[in-house]
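Laboratory data are not the source of any read-out in this text; all were calculated from the coordinates shown. Since the model is a prediction, treat every value here as computed from it, not as a measurement. All Cβ positions, glycine included, derive from the backbone under ideal geometry; neighbour counts span all protein chains shown.
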Amino acid sequence: MSAGTAASTQRPKRSGLKISVGERIFTFFNYTFFILLGLTTLFPFVNLLAKSLSSEAAVISGKVNLIPIDAQIGTYKYVLSNSMFMNAFKVSVTVTVVGTALALFMTTLAAYPLSKPRLHGRKWFILMYIFTMLFSGGLIPTYLLMQKLHLINSLPVLFVPAMISVYNMLIIKNYFEGLPDELEESAKIDGASNLTILFRIMLPLSLPVLATIALFFAVHFWNDYFTSMIYINKADLKPLQLYLKELFVSSSDAFLRAGQDINIDAAMNTAPQAIQAASIIVATVPILLVYPFLQKYFVKGVLVGSVKG
């Protein structure tokens, strides 16, 4: 018998490995736990959806759980016909789109030079950014600053203070540091400037991290109500989340306090809980629709084959 044959006979066969009973039990309970956990997180959303589609009597009596009773869509017609809701929806969409684009642009411009070790004073700049993560001027000085800049009761005040997120900037910076230096060196040999390298080479290769950070910014701007609660007093500038907050504080007179003329007949035939549920569902759907479009950019390996040799 040759040495190769003897070595081959001594190798363990991996193709016929059997899963032990303990591993099967662990896998069963593992899948069961995560399925139940997922259903638990979906329960509030399904409950709200059922309430928004149920009749007024069923909602008021508390009979609605996961399945609509006496299904109807009148609540959604009432919510979507409310001019104050639609105005708040437009404000949130505007702030989310403009704020996400500007914040991603500014954060990327800060992250790219900080990713280069040749930048003079690079460590000190990074420390200055990290310092702002730990310490801030406080709410009152920030409000006075926004007042001096004449941003109170204006749309820019809803996204200007969040133009640069240090946490997101560090994520983008680390991603830039992982890109091959040969790409930048070859571009410089061809005469490309730093901005050309950034916008035509680095950013197209950084779509996964940019899409992720854009999603972070979009979720932040869409769900933020505290900023508008501090800086906005005008009813026509209130975003959707602040509108929902006021709706839950006092569902019966939230529209009247905001100067909104309501349809009395429709309000009398619609349960306040159903109005709240339908408003939340409509406010949740847009941000959920963003995930499928950005999911394809969360795949790694876009650099495979970009550098040869």
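When each of Ser228, Ser279 is scored by the number of other beta-carbon atoms lying within 10 Å, the sequence from fewest to most is Ser228, Ser279. Applying a threshold of 23 Å to the alpha-carbon distances of Lys51/Lys234; Lys148/Lys245; Lys51/Lys77 flags Lys51/Lys234; Lys148/Lys245 as lying beyond it.
The shape of the range 24-76 can be summarised by an equivalent ellipsoid whose semi-axes, obtained from the alpha carbon gyration tensor, come to 33, 9, 7 Å from longest to shortest.
For the range 77-298, the percent of C-alpha pairs falling in each 10 Å distance bin, counted from 0 to the bin holding the largest distance, reads 7, 27, 27, 21, 11, 5, 1, 0.
Here the 3J(HN,Hα) profile of the range 24-41, calculated from phi with Karplus coefficients 6.51, -1.76 and 1.60 at θ = phi - 60°, is 5, 5, 4, 5, 4, 5, 5, 5, 4, 4, 6, 5, 5, 5, x, 5, 5, 5 Hz, Gly and Pro shown as x. When both the range 179-198 and the range 39-97 are represented by their alpha-carbon centers, they are found 52 Å apart. On full extension, the segment bounded by Leu42 and Asp181 gains 45.5 nm, given 0.36 nm per residue less the C-alpha separation. Note on Asp70, Asp224: ascending count of other Cβ atoms within 10 Å places them as Asp70, Asp224, the fewest first. Note on Leu215, Leu294: ascending count of other Cβ atoms within 10 Å places them as Leu294, Leu215, the fewest first.
For the range 158-175, putting each phi into the Karplus relation 6.51 cos²θ - 1.76 cosθ + 1.60 with θ = phi - 60° gives couplings of 7, 10, 4, x, 10, 4, 10, 9, 5, 4, 5, 5, 5, 5, 5, 4, 5, 5 Hz, in residue order, rounded to whole numbers and with x for Gly and Pro.
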